[in-house]
Amino acid sequence: MLLPPPFVPPETVFRGIGIGTAVVLGEAYVPEVLKCERRVLPDRQAADAEAQRFIEAKARLEADFRTALDDLPPEVDPADREIFNIYLMVLKDPGLLKRTLDYIIDGRLNAEAAAADAFARYRSYVFARLDPSAPYVNNRADEVDEILDALIGQLSGRERFPKAGLPASTVVVVRNLTPAELTALSRQKLAAIVTENGSATSHTALLAQALEIPAVMGIQDIVGRTRSGARIVVDAAEGHVILDPDRDAVGFYEIRSASIAARNREIVRMAHIPARTLDGAEVEVCGNLQLVDEIPAIMSYGGDGVGLYRTEMAYLSSRTLPGEEQLFGSYRRVAEAANPRPVTIRTLDLGADKIPRSLEGAFSSENQALGLRAIRFCLKHPDVFRTQLRAILRASVFGNLRIMIPMVSTLEEVDSARSMLGEVERELRAEGREVAEVIPVGIMVEVPAAVFLARELAARCDFFSIGTNDLIQYSIALDRTNPEVAELYQPLHPSILRMIQAVLDIGRKTGTPVSVCGGMAADPLSSALLVGMGARMLSMPYFDIPRIKRLIRMSFLADLKRLAAEALKASTSGEADGVVRSWLMRKHPDLASAWPGPRGLCASSASRRGPESRCGQWRIGSLL
């Protein structure tokens with residue numbers, strides 16, 4: 001951890017949990033703390049009116065949450081969008097509503113006091129049997145308090161934040177924030193947030209990461225120590241805040257912030273140099289694409305193509321199913337923009353946490369992660385699948401497209417998908433439409449069944465892409481979005497490394513190209529390991545491309561092979577972790593702090609979306 005310099009008075013430094021890796025200098029804004037007054041109502045008529053006031057305030061808050069959800073930038077991951085549904089679920093809890101109304105009508109309490117008492121009862125009931133020291137329990141309890149605070153704000157009629165907005169240099173210092181408030185603040189381009197509640201796994205932290213807002217959370221009593229308008233330094237990388245910094249401290253952090261920005265610009269400037277190891281092995285480093293508008297960023301950050309085009313957003317961002325022409329237009333734009341570089345289009349991966357409003361009735365509410373997902377859904381709903389396939393095939397003549405089928409677990413799924421693809425192609429040709437002569441068709445290897453069928457699947461596929469996120473989740477049997485089991489999500493688990501190696505070996509023996517996408521491809525250490533294991537194509541978020549290419553250019557393939565061989569001998573993830581960390585310290589000590597680190601490096605408070613804005617999982621310490 002990089003501590004503040006010794007000339008910074010220790011009484012001005014407050015430590016918490018950093019979210020992101022920015023260093024921000026700005027002005028503090030401390031919103032008014034809304035007090036919960038307690039009154040006794042005179043009669044039933046007053047109680048009925050108070051109950052109606054509560055119902056209307058609750059409805060306004062629900063509407064605010066839904067509006068904020070609709071206003072999220074489309075690039076925000078569906079899992080992060082689900083945060084709003086969790087808050088709405090608490091707010092709409094029928095028992096909580098009944099108890100509040102009972103306190104108002106039968107207890108003659110005003111709405112604010114009744115809500116506070118009902119939420120306190122709800123909080124104690126829900127969390128009574130759980131370990132209060134567990135971070136997950138604390139996070140969920142804090143979120144109940146956030147909803148109550150927002151509800152009291154609605155009842156009071158007072159806004160915590162000015163409707164006219166806040167200056168871009170503002171650092172909001174607050175006890176807690178709801179997702180709706182955070183989304184609204186993100187549109188104002190505020191510099192950072194500092195909170196008393198929250199942790200790295202809280203929903204507010206996850207959403208702050210998704211919105212690229214640097215934050216420090218969990219600083220007790222910071223609100224009472226901060227005055228609006230005061231200067232403040234937020235070091236999200238190291239998790240500390242400095243109140244009222246003097247001239248020396250301001251100068252130090254201005255230089256540090258500028259150094260980060262300059263270093264990031266230099267790395268991006270060199271991004272177009274091929275990812276070739278010092279002994280001549282070339283690796284394709286491609287970008288993951290979710291929105292059509294991201295394609296210029298992938299190209300400008302040095303991407304060798306699109307290794308994973310997630311096509312679900314057109315379905316998730318609309319109340320109706322997208323038509324063939326809409327999909328064709330999007331796919332054509334991507335194909336033309338990337339041409340002649342390859343674009344791997346993943347067919348629909350709906351289900352689990354990605355359920356569009358237009359298809360809600362098609363999915364069971366029980367255990368969706370193991371239910372009708374991805375290719376299973378597409379084969380059950382051929383009308384939806386055929387529309388997408390027609391759009392892809394029509395776009396194929398405008399670039400270098402490849403089709404990838406997700407969540408394959410049987411040979412029959414591949415056969416059925418290819419059969420439907422053939423039917424659609426014949427239909428289009430009969431209509432006089434052009435289709436590319438050759439369109440490679442592959443699969444994502446992301447469940448253990450596909451790993452063990454890899455040799456047979458290779459006979460039916462033109463390429464493989466290993467999806468490490470789901471492969472880890474389904475192999476270790478955990479929900480990767482559940483903080484209670486977060487420590488079990490281990491990319492370097494021996495079983496994961498051995499499965500990846502097995503697929504890479506089969507790909508080499510059968511002549512089937514194998515790429516790797518997911519979190520492991522974007523991580524500096526595991527990407528080095530993957531190259532040593534034989535991967536020659538990686539796909540990742542565009543902002544990670546320059547750093548991974550730089551790491552590859554600084555390495556010898558022979559060293560990476562030795563690293564992989566040693567890591568594969570490990571019998572625990574801890575041993576494997578030690579192997580790769582030791583290697584990095586020996587070979588690239590300047591990068592030793594690069595893993596693991598929070599996502600979303602923001603070089604300055606002024607711009608979080610320029611070339612120097614998002615730099616993946618690298619910590620600031622590795623860039624100075």
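None of Glu181, Glu196 is on the phi < 0 side of the Ramachandran plot, touching an Asp or Glu at 6+ places or on another chain (Cβ under 8 Å) and among the acidic types (Asp, Glu) except Glu196. Looking across the stretch 293-311 at every residue that is surrounded by fewer than 18 Cβ atoms within 10 Å (Cβ to Cβ) and touching a residue at least 40 places away in the same chain (Cβ under 8 Å), the one that is farthest from Lys549 (Cα to Cα) is identified as Pro296. Identify, please: which residue in the stretch 385-410 is among the β-branched types (Val, Ile, Thr) and open to solvent by 10 Å² or more (accessible area, probe 1.4 Å) and is, among those, nearest to Asp349 (Cα to Cα)? Here the answer is Thr387.
Of all residues in the stretch 291-310, those being out of contact with any strand residue (DSSP E or B) (no Cβ under 6 Å at 6 or more places or on another chain) and not charged (D, E, K, R) number 9. Among the residues of the stretch 1-50, those identified as surrounded by fewer than 20 Cβ atoms within 10 Å (Cβ to Cβ), touching a strand residue (DSSP E or B) at 6+ places or on another chain (Cβ under 8 Å) and over 28 Å from Leu190 (Cβ atoms) are Arg38, Arg39, Val40. Please find, within the stretch 312-329, the residue that is farthest from Ala528 (Cα to Cα) out of those that are loosely packed, with under 14 Cβ neighbours inside 10 Å and within 24 Å of the chain's Cα centre (by Cα). So the residue we want is Arg319. Note on the stretch 538-583: among residues that are within 17 Å of Ala297 (Cβ to Cβ) and of a type in the set (D, E, K, R), the one that is surrounded by the fewest Cβ atoms within 10 Å (Cβ to Cβ) is Lys549.
Picking from residues in the stretch 154-189 that are out of contact with any Lys or Arg (no Cβ under 6 Å at 6 or more places or on another chain), in a helix (DSSP H, G or I) and not hydrophobic (A, V, I, L, M, F, W, C), the one that is nearest to Ala59 (Cα to Cα) is Ser156. Are there any pairs with C-beta distances below 8 angstrom linking a residue in the stretch 553-575 that is touching a residue at least 24 places away in the same chain (Cβ under 8 Å) to a residue that is assigned to a helix (DSSP H, G or I) and open to solvent by 60 Å² or more (accessible area, probe 1.4 Å), with the two at least 6 apart or on different chains, and if so which? Listed pairs, sorted by first residue: Ser555/Lys587; Asp559/Lys587; Leu568/Arg498. Apart from one condition, Ala258 fits all of (1) assigned to a loop (DSSP other than H, G, I, E, B); (2) open to solvent by 10 Å² or more (accessible area, probe 1.4 Å); the exception is (1). Answer yes or no: is there a residue in the stretch 572-579 that is over 26 Å from Arg263 (Cα atoms), of a type outside the set (D, E, K, R) and touching an Asp or Glu at 6+ places or on another chain (Cβ under 6 Å). Yes.
Scanning the stretch 261-280 for residues that are surrounded by 13 or more Cβ atoms within 10 Å (Cβ to Cβ), of a type outside the set (A, V, I, L, M, F, W, C) and not in a helix (DSSP H, G or I) yields His272, Pro274, Arg276, Thr277. Kindly indicate whether Ala436 is over 24 Å from Pro340 (Cα atoms) and open to solvent by less than 70 Å² (accessible area, probe 1.4 Å). So Ala436 fails the test.
Answer with yes or no whether Val241 is closer than 19 Å to Glu27 by Cα and open to solvent by 10 Å² or more (accessible area, probe 1.4 Å). So Val241 fails the test.
Taken as a whole, the condition of being open to solvent by less than 10 Å² (accessible area, probe 1.4 Å), closer than 26 Å to Met540 by Cα and either in contact (Cβ under 8 Å) with a residue 40 or more places away in the chain or among the acidic types (Asp, Glu) (or both) does not apply to Ala458.
The values are calculated or read from the model by the stated rules, or taken from the named source; none is laboratory data. What you see is a predicted model, and the numbers here were worked out from it, not measured in a lab. FYI the Cβ positions are ideal-geometry reconstructions off the backbone, even for glycines, and counts take in every protein chain you see. Protein only, heavy atoms only, side chains kept; ligands, DNA and RNA dropped before computing areas. Shrake-Rupley method; radii C 1.70, N 1.55, O 1.52, S 1.80 Å.
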